[in-house]
1. Amide H of Arg171 versus every other amide H placed in the peptide plane: which residues, excluding those fewer than 5 positions away on the same chain, fall under 5 Å?
2. On a full-extension model of 0.36 nm per residue, what is the gain between Leu85 and Ala256, subtracting their alpha-carbon distance, rounded to one decimal in nm?
3. Taking only Cα atoms, what is the 0 to 90° angle, nearest 10, from helix 73-97's long axis to the longest principal axis of the chain?
4. For the chain, what is the charge dipole size about the Cα centre, in debye to the nearest 20, if Lys and Arg each add +1 at the Cβ and Asp and Glu each add -1 at the Cβ?
5. With 10 angstrom as the radius, rank Met135, Met114, Met254, Met326 by how many other C-beta atoms surround their C-beta, starting from the fewest.
6. So, in nm, how far is label Glu320 from label Arg175 when the simple model puts each one 7 Å beyond its Cα toward the Cβ?
7. Put +1 on the Cβ of each Lys and Arg and -1 on the Cβ of each Asp and Glu in the chain; which of Val52, Leu221, Pro319 then has its Cα farthest toward the positive end of the dipole?
8. At R0 = 22 Å, how high is the FRET efficiency between Arg44 and Leu139 if r is their beta carbon distance? Nearest 0.05 is fine.
Amino acid sequence: MSVQASKGLVVVAGGGTGGHIYPGIAVARALQNRGYRVEWVGARGGLEEKIVTREGLPLHLINIGKLHASAGLAARVKTLFGLPLAFLQALLLCWRLKPLAVLGVGGFASGPFMFVAALLRRRTVIWEPNAHVGMANRLLSSVVDECLLVFEEAASGFRSSRVTRVGLPVRESIRPAERAPLVGRKLRVLVFGGSQGARPINKVVQAAVEAGGAWLEGVELVHQTGRYDFQDVKAAYDRLQHPNVSCFEYLHDMDARYAWADVVVCRSGASTVAEIAAAAKAAIFIPLPTAADDHQLKNARVLERAGAARVIEQKHFTPELFSSTMLQFQNDASAIEQLGKLARPFAVPGAADVIATRVIGEN
């Protein structure tokens, strides 16, 4: 689609984490398929600098830092002093781009740009991926045209009555898969802590593997560590040479890994929760305790209350608890099936197209 033939420009604003960025990219692709140009506004130094440019979307950066409590006092003070410059950069950028519509996906850069876009009477839509509304979206909800959410529990966090549940975009290749009955084979366990890994999860699982026991003989374990712990964990597993255990720095075929697994042990960021639901998997969530507004724990609790996942807070996650939980699953295949079955309704097929429709104001 050439620029001349485009229906106009839509801007996606935000970033900071993969849970904000990857769904935003999925919506960008849906908009492009409809004939719109899409450009991105992010924060200088944010993860979007790597991901968005790799995806081939034009990226504009503004200087904005963190304001949530987990950022620390010094970082928040620095951000507050830098806000006038951030808003000026956002105003000049929005004035120059003149987008038809702007989608805010949360994160540092979404605040200033979404606010000035609303001020300049552009169509503005915010999308909240978590069960707890983030600071930027909470403040913006009273000035934008529409608020979109994934979890119904987030509705009370918006200062607006214009709220619609739309779901979270997930790759189409992630879907429920037929699995052989657990009887007569080993329990397939997938462990990961996101693309960067999660050291507390890595250390607990490594210690459980090193301790061994009956649980280990009844599983096939695939462990993605992330790059920081990979060499240490791999060296430990290499010393054991246990045929049931595989270790990877990063898994590029997550759709196939989800299809293979019986049980997934992971964090509970919005994207991961959505993938678990789309794949209809039994999950043990270990929420990141330092996540902004403790949103990972709140995401996980939503599924736990529905009987669709188990939650272990990081402070309680030990090698002994991990190994005993694996033994429980080995002896109760029905629990695995029930968790996956109850997780599936949290998936919303076609979410990217639904969000794209709301962004451009179509019915």
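1. none
2. 57.0 nm
3. 50
4. Values: 41 positive and 31 negative charges, 226 e Å.
Using only the charged Cβ atoms, the result is roughly 1080 debye.
5. Arranged by neighbour count, lowest to highest, Met135, Met114, Met254, Met326 become Met135, Met254, Met326, Met114.
6. Modelled inter-label distance: 4.5 nm.
7. Working it through, the farthest residue towards the positive pole turns out to be Val52.
8. Numbers: r = 21 Å, r/R0 = 0.95.
According to the calculation, E is roughly 0.60.
Bear in mind that the values in this text are calculations on the coordinates, not laboratory data. Treat the numbers as computed from the prediction; the structure is a model and nothing was measured. Backbone-built Cβ (ideal geometry, glycine too); neighbour counts: all protein chains shown.
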